[in-house]
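This report refers to the structure that appears directly beneath it.
Values in this text are rule-based calculations from the coordinates and carry no lab data. If you're wondering where the values come from, they're calculated on a predicted model, not measured in any experiment. Heads up, the Cβs are rebuilt from the backbone with ideal geometry, glycines too, and the neighbour counts pull from every protein chain shown.
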Amino acid sequence: MAKVLSIVMLCFLLMLVLLGEIQASSPASQKQRRGNHANGMYGATQGSLRPQECGPRCTTRCSATAYKKPCMFFCQKCCAKCLCVPPGTYGNKQYCPCYNNWKTKRGGPKCP
């Protein structure tokens, strides 16, 4: 009885994995993933980056400042939380509300 139950559970798990693969490869899900790539806002809209992409985005964001080390520290902290970095070296925070709205205890902007 235990063998039959184990085989049934294994088949059920295999079906779940295959169903997930089919849904992930469907045209609708691919279009949704490419949504921010197509309009050129990849990485600038909230949640559109993966954590490993924060470093290069923050390097670009902090390239024009004289205070690179603190800029990189806070940019990477903000990117890790918001998964976005506004385009350019200054401003454009409207593209990433989380990045824009995260404030210090004194009420100033936390993210560069």
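Figures for the structure shown
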item	result
Segment Arg50-Met15, length gained on full extension (0.36 nm per residue, minus Cα span)	9.8 nm
Cut-off 13 Å between beta-carbons: net charge of the residues surrounding Lys93, Lys and Arg +1, Asp and Glu -1	+3
Counted charge near Thr60, where neighbours are those whose Cβ lies closer than 14 Å (Asp, Glu -1; Lys, Arg +1)	+2
Order by protection proxy (mean Cβ within 10 Å, highest first), peptides 73-79, 61-67	73-79, 61-67
